[in-house]
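The structure appears right after this line, and notes come after that.
The values are calculated or read from the model by the stated rules, or taken from the named source; none is laboratory data. Note that this is a predicted model, so its numbers are computed, not measured. Here Cβ is always computed from backbone atoms with ideal geometry, including for glycine, and neighbour counts include all displayed protein chains.
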Amino acid sequence: MGEFAIGQGVPRFEDPRLVRGGGRYVDDVALPRMAYGYVLRSPHAHARIRSIDTGKAKAAPGVLAVLTGSDWEAAGWRDLPVPGGMKRRDGSPSYKPRFPALVKDRVRWVGDYVAFVVGETLHQAADAAELIEIDYEPLPAVTATANAAVPGAPLVWDDCPGNVCFARFEGDKTATDAAFARADHIVKHRFVINRVTAATMEPRGAVGDYNVADGRYTLYAVLQRAQGYRAELAQVLGVPESMVRVVAGDVGGSFGMKSAIFNENPLTLLASKLIGRPVKWTGTRSEAFLGDAQGRDNVTDAELALDKDGNFLGLRVKSLVNAGAYLQPGMPAFTGNLGTLAGVYKTPASHVDVTVVFSNTNPMRPYRGNGRPEAAYVIERMVDLAADELGLDPYELRRLNMIPPEAMPFKTSVTFTYDCGEFEKSMDIALKMADVNSFEKRRAAARKRGKLRGIGLSFTIERAAAGGFEGAEIRFDRSGTVTLVSGSHSQGQGHETVFKQLVCDRLGLDPNEVYYLQGDTDQVFFGEGTGGSRSATMAGSAFHLASEKIVVKATQIAAHLLKLEAADINFADGIFSSAKTNQTLTIQEVARAAADPSKLPKDMEAGLVSNAVFDTDTQNFPNGCHICEVEIDEDTGEVEIVDYNVVDDVGTVLNPLLLHGQIDGGIAQGLGQVLMEDIRFDADGQLLTGSFMDYAMPRARNTPAFHVESNPVPTKTNPLGTKGAGEAGCVGAMPAVANALVDALSVLGVKHVEMPATPERIWRSIQEARAG
Amino acid sequence: MSLEETLAIELTVNGERVESTVPVRQHLVDFLRTELGLTGSHIGCEHGICGACSVRVDGAVVRGCLMLAVQADGAEVVTIEGLTDSGEIADLQEMFVERNALQCGYCTPGMLITAAELFDIGLPASRENIREFLSGNFCRCTGYHAIVDAVEATLKQRLSR
């Protein structure tokens, strides 16, 4: 089955359906007698609710239910999940805010959940929501990260002093202080990493369907982890998990944002239970800006200590991270991913000190990288800043400090122990690809055209597939065709294709006879889901294990049928054979026999079905070198990315076509943040970037062609040798693009440009540099 | 129940005559999706910026979220389902698959309909032209590289015929 073998750029099995408009997204779900829900959101960033009068709304045409915080409370359902277990600076437990699906007496961000109106039509529900009378008493709000921790700042939670949710420390403070004490050079910089939003093309949505006959709840949802959603919902509803079914079809992008349940999920279920009909809620784009969890947003002070030759001695990082108004699942992982700060360098001592604060803004969640791109940005900008300050070549400074392959496994001074990687080799390939040697000629030529040309390199590494488990199942039916059931869930990555490749390659199956199933908790036996660049490693390994189980059992059956010992049987390309006979059996013949107990060895269970759980406490470390070239229009500050080269190491490449797509998409999101994307609030906490008119995202004209090559160094931490690929592009892109911008402007003496480097911001920095 | 103001409309959708009574404030894309079950047109922003709801009305690509269903009275509407059935963009669809020019697939129908218009206009097949022409359609997954590849390859294939 060479055509579908691992490593082939097999086009996706998902795509013929999707290019014909045959996707099945949550808003495509239509159930009989379905009603429509509308969320009434807070117009204030911070306010006390004095009273809510729903009388007029309830009497409005077509209205079936109006739910407020009191109704939520009366239902007796629990709060949405809030992570705990972290600690504050003084060792006391992290602050754990309440998170009801509808608030009752206080709103904490523009977009907070005040009421849920259900009508015969969406229009009627939305009309009725306007009739709800709410008496708000506005309170002072705080939105900017740097302001949230200032003494006297408005408190988001009255009993949470200083707005501090928790703090986290990594590394060795004493060793780091000692390293700084003996340093020849100390390079310092403050970075403001702005807030962005996932802006998935498919807005969030849900359909809740309570079955009064059997008391079971079904939720059609957008998600990354069906089983996780079910567990969270069951907790909120206070019912056994078996009484909740979660179903997801195609998901139109997530990037971390859809990774845990949102308030609308239990609200549609509660409304469905109350009115005895299915209830659909579909978010608008405006609601996506107001209601979606957002990402990044921190202020980070970094210091790098070097000796006179440029060897890194120590790294000190202090970061203030914005949690938004509530603490969301996955958010604390941000601090866990700070290990990325160590980069690919030998730096012997580091200390990281992170404080997470509340503010009157959208809650925060993982967004493609979840701490990795932020950390990569900081360390790789610091290396360039150090090179500039010490008058060293930035590539050679990296080379000097890089961890060599022979030092693996290498325990870094922040959190992680890398198992493998060839950093210098990957960088050398990238330097050649990007023709770095003749860059100065290109810079000079651009100058003649009135353009400032710059080149920027990043070498980043991040943790992927951070432990845990994942389930996979292979079901042969009695005809010999196959269903694959995965615990992971694709939001566009192409899981179906890669897992079919893996299984078809091993078992010699025709992918056209294989059906792929995901995202239905009634079908998936065990699953953790997708996130943190884990699925190729975790679900892929689970399918690998499940395939091996199939081979073992099918070999026993084949041996029985051929009247031989299992040890005499060979299996290759879907055929069982033996040197001791001319007879052969296909795996389909064996599967058909497996469905007939009379054809099986005594005591063998009928059926050719296997499920497997891949369980690991290891992780892997994808890494890569990005080189970006930009040209800046000196008069307008407009940036064009003119060349982009990547050499990645995501271990064994399962499908280069899909890998390219993952890297490209990640780069686009990374460059989007560095160049244009920005969530902004005004001083009162009103969202200023509430539509695609205000929130800029890369369009086809803003992105270049991406040249992507691989230098795979397979990891031994999983049976496939893969490392995560989903976040790598974004991680590498933020620093590479930023370094290129600064390099372009360096002829004017510019040392740094904050993100997003909009034309205005660049133009201003050019003017300031000229003014001296 | 409903006090919605409605109007009767008659139009052609994907070659078939359709008569319906629609709320006057219903958008064309909502009508296509909910009344006709043509869910291939997707709603991404409802303010005309993202292009996911693009459909063809009387030969021109329009935003299904910026046009009311009643405005389509008497019009000829073609959606991704109709374009698929007619085979007009079969080569482009195949090329999108071959180049992996989609990931989540949400923007894809709008992207394909827009690219089909590019073919009709007959601009020179430069990557710059393609990028400019597709810049009214957001894609959050691919970074556009593979989309531009697919459109360029299809254009070249057509020109060489």
- Out of (1) in a helix (DSSP H, G or I); (2) polar (S, T, N, Q); (3) within 13 Å of chain A (Cβ to nearest Cβ), the one residue B:71 does not meet is (3)
- Query: Within segment A:276-283, is even one residue surrounded by 24 or more Cβ atoms within 10 Å (Cβ to Cβ) and either outside the structural domain of residue A:82 (by TED's automatic domain parsing) or assigned to a helix (DSSP H, G or I) (or both)?
  - Reply: no
- Item | Qualifying helices (runs of 4 or more DSSP H) (wholly inside segment A:81-189; at least 2 residues being out of contact with any helix residue (DSSP H, G or I) (no Cβ under 6 Å at 6 or more places or on another chain) and within 14 Å of another protein chain (Cβ to nearest Cβ)) | A:122-129
- Out of (1) away from every other protein chain (no Cβ under 14 Å); (2) without any contact (Cβ under 8 Å) to a residue 12 or more places away in the chain, the odd one out for residue A:20 is which? (1)
- Task: Read through the list (1) assigned to a helix (DSSP H, G or I); (2) within 17 Å of residue A:103 (Cβ to Cβ), then give the number of the only condition that residue A:58 fails.
- Result: (2)
- Looking only at segment B:132-161, which residues are away from chain A (no Cβ under 14 Å) and touching a residue at least 24 places away in the same chain (Cβ under 8 Å)? B:155, B:156, B:157, B:158, B:159
- Checking residue A:13 against (1) in contact (Cβ under 8 Å) with a residue 40 or more places away in the chain; (2) among the hydrophobic types (A, V, I, L, M, F, W, C); (3) outside the structural domain of residue A:505 (by TED's automatic domain parsing), which test does it fail? (3)
- Message: Can you report the number of residues in segment B:100-111 which are facing chain A (nearest Cβ under 7 Å) and either over 11 Å from the mean Cα position of the chain (by Cα) or surrounded by fewer than 24 Cβ atoms within 10 Å (Cβ to Cβ) (or both)?
- Response: 6
- Note on the structure: If you go through B:77, B:61, B:22, the only one that is within 14 Å of another protein chain (Cβ to nearest Cβ), in a strand (DSSP E or B) and touching a helix residue (DSSP H, G or I) at 6+ places or on another chain (Cβ under 6 Å) is B:22
- Failed item in (1) among the aromatic types (Phe, Trp, Tyr); (2) out of contact with any Phe, Trp or Tyr (no Cβ under 7 Å at 6 or more places or on another chain); (3) modelled with pLDDT of 95 or more, with residue A:217 passing the rest: (2)
- Any hit, segment B:112-131, residues being within 7 Å of chain A (Cβ to nearest Cβ) and within 16 Å of residue A:16 (Cβ to Cβ): yes
- Message: List pairs: first residue in segment A:739-764 and on the phi < 0 side of the Ramachandran plot, second residue buried (at least 19 other Cβ atoms within 10 Å of the Cβ) and of a type in the set (Phe, Trp, Tyr) anywhere in the structure, Cβ distance under 9 angstrom, at least six positions apart or on different chains.
- Response: A:752/A:191; A:754/A:191; A:755/A:191; A:755/A:377
- Got a sec? Which of A:213, A:260, A:231 is more than 14 Å from chain B (Cβ to nearest Cβ) and assigned to a helix (DSSP H, G or I)? A:231
- Task: Would you check if there is a residue in segment A:34-49 being away from chain B (no Cβ under 13 Å) and charged (D, E, K, R)?
- Result: yes
- Message: Any residue in segment A:659-687 that is within 14 Å of another protein chain (Cβ to nearest Cβ) and under 20 Å from residue A:138 (Cα atoms) sitting within a Cβ distance under 7 Å of a residue that is surrounded by fewer than 24 Cβ atoms within 10 Å (Cβ to Cβ) and of a type in the set (Ser, Thr, Tyr)? List the pairs, counting only those 6 or more apart or interchain.
- Response: none
- Is at least one residue of segment A:24-38 farther than 25 Å from residue A:204 by Cα and in contact with a Gly (Cβ under 9 Å, 6 or more places away or on another chain)? no
- Would you tally the residues in segment A:56-72 being within 14 Å of chain B (Cβ to nearest Cβ) and touching a helix residue (DSSP H, G or I) at 6+ places or on another chain (Cβ under 8 Å)? 5
- residue B:95: passes all of (1) touching a residue at least 12 places away in the same chain (Cβ under 8 Å); (2) under 26 Å from residue B:57 (Cβ atoms); (3) at the interface with chain A (Cβ under 9 Å from one of its Cβ atoms) but (3)
- Item | The listed residue being surrounded by fewer than 20 Cβ atoms within 10 Å (Cβ to Cβ), of a type in the set (D, E, K, R) and at pLDDT 95 or above, out of A:396, A:380, A:374 | A:396
- residue B:53 being crowded, with 24+ Cβ neighbours inside 10 Å and either at the interface with chain A (Cβ under 8 Å from one of its Cβ atoms) or polar (S, T, N, Q) (or both): no
